[in-house]
Amino acid sequence: KIIDRFLDEAFISDFADNVLATVEPNSILITSGDTTTGAIWYLQSIGQRNDVVHLDANLLLFDWYAKNEIARHPEILNATFLTKRKNGTRISEVIKENMANRKIYTTFATWVEPSDSNFDFVPVGVVYEAFLKGSQDEKLALELNRTIWDKYKLKNIKAGIYQDFMVDSIVKYYAIMLNDIGVTFFKFGFAKESLPYFNKSLDIFLSSKAKTNLENVEKFLHLNPE
């Protein structure tokens, strides 16, 4: 059990390393849920990448947390932030007010507010980068996926082999990101290049979504040979 706990902690630490290795200096990282938030809290608590402003999307709904973050990061948030409705509007406000000056990354691709239709969330490695809808910079962000996965710490990433729920959730998160990258490559016209991402996703976790996406792209390529 001690060995299992050590391996679990190492896996979570590797995941946080991968996230923080992806985001640019002085950027904003918005996470959601214990799985991703806890991993980032851990590394920043020991002094790694404190240049990154880390916010938890769920906790931002609570005034006590928002007030604390306003005090810590007045350059990001101000007192008027508390007047925003306690739902996805607060997330949208952070993105809208800061994206001109900082890169903004999330661990989720959509939020509950219709105002999010103003943004695109493009998968970049193990996070999503927020852009104004239709921004040409999206293609530049997508380019990073061709190299960044080779730099990650990716040991023993396979769903079903970990008893710890948090660790297994991180494993599946990797699979989700790879699937979303495949979808995005296909959307930008790189159908053949999307295939390895779907296959890597399925190697980690046999999800019906990634399987269907892979089959659909293979059918598309069969009907539209390059």
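The values are calculated or read from the model by the stated rules, or taken from the named source; none is laboratory data. Quick caveat, the model's predicted, so the values are computed rather than measured. Neighbour counts run over all protein chains shown; Cβ positions are idealised from the backbone, glycine included. For accessibility, only protein heavy atoms count, side chains too; no ligands or nucleic acids. Shrake-Rupley method; radii C 1.70, N 1.55, O 1.52, S 1.80 Å.
Total residues in region 158-167 satisfying the condition of being surrounded by fewer than 19 Cβ atoms within 10 Å (Cβ to Cβ) and in a helix (DSSP H, G or I): the figure is 2. Residues that are out of contact with any helix residue (DSSP H, G or I) (no Cβ under 6 Å at 6 or more places or on another chain), open to solvent by less than 60 Å² (accessible area, probe 1.4 Å) and within 13 Å of Val126 (Cβ to Cβ) within region 172-208 comprise Tyr173, Met177, Asp180, listed in sequence order. Going through region 37-60 one residue at a time, which ones are open to solvent by 10 Å² or more (accessible area, probe 1.4 Å), at pLDDT below 90 and within 18 Å of Ile91 (Cα to Cα)? Once the filter is applied, which keeps residues that are open to solvent by 10 Å² or more (accessible area, probe 1.4 Å), at pLDDT below 90 and within 18 Å of Ile91 (Cα to Cα), region 37-60 yields only Asn58. Could you tell me which residue of region 23-36 is modelled with the lowest pLDDT, considering only residues that are out of contact with any Leu (no Cβ under 8 Å at 6 or more places or on another chain) and on the phi < 0 side of the Ramachandran plot? Here the residue is Thr35. Among all positions in region 143-152, there is at least one residue which is in a loop (DSSP other than H, G, I, E, B) and more than 22 Å from Ile95 (Cα to Cα).
Table: residues versus (1) among the hydroxyl-bearing types (Ser, Thr, Tyr); (2) closer than 23 Å to Ala57 by Cα.
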{"site": "Phe131", "(1), (2)": "no, yes"}
{"site": "Asp150", "(1), (2)": "no, no"}
{"site": "Lys155", "(1), (2)": "no, no"}
{"site": "Gly160", "(1), (2)": "no, no"}
{"site": "Gly182", "(1), (2)": "no, no"}
{"site": "Tyr197", "(1), (2)": "yes, no"}
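The residues of region 13-53 that are part of a loop (DSSP other than H, G, I, E, B) and not polar (S, T, N, Q), listed by number, are Val23, Glu24, Pro25, Gly33, Ile46, Gly47, Arg49, Asp51, Val52. Screening Tyr105 on (1) crowded, with 18+ Cβ neighbours inside 10 Å; (2) of a type in the set (Phe, Trp, Tyr); (3) at pLDDT 80 or above; (4) out of contact with any Phe, Trp or Tyr (no Cβ under 7 Å at 6 or more places or on another chain) shows it passes everything except condition (4).
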